[in-house]
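Just so it is clear, none of the values below were taken in a lab; they were calculated from the coordinates. If you're wondering where the values come from, they're calculated on a predicted model, not measured in any experiment. Neighbour counts run over all protein chains shown; Cβ positions are idealised from the backbone, glycine included.
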Ligand SMILES: [Zn+2]
């Protein structure tokens, strides 16, 4: 009976390939995280603004929801 534990020999090129793969993966993950954050920011922005029709020229424009007293677009103010 063989008692030796066989340790798989990892060749250096495999390590390099593994590192590159890991690096590529982390870049992909960073990009995905950034895109995800941008999507959240875009959604928050779109949820925090509202469309208002200018009472002077009738043009629609966006204002923050906190600015609910605005009734005129920036051009007519
Ligand atoms: Zn206007």
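Calculate how steeply helix 12-48 sits against the longest principal axis of the alpha-carbon atoms of the chain, using the helix alpha-carbon long axis, and give the answer as 0 to 90 degrees to the nearest 10. For helix 12-48, the angle is close to 20 degrees. GNM remark for the chain: springs join alpha carbons under 10 Å apart, and the peak mean-square fluctuation among 41, 16, 31 falls on 16.
Label zone (residue 40, point 7 Å along Cα-to-C-beta; backbone nitrogen cut-off 20 Å) within the stretch 49-77: 49. What the pair-distance distribution of the chain shows, using all Cα-Cα distances binned every 10 Å from zero, is 15, 20, 15, 13, 11, 10, 8, 5, 3, 0 percent.
With Cα atoms defining each centre, the stretch 10-55 and the stretch 58-77 are spaced 33 Å apart in the structure.
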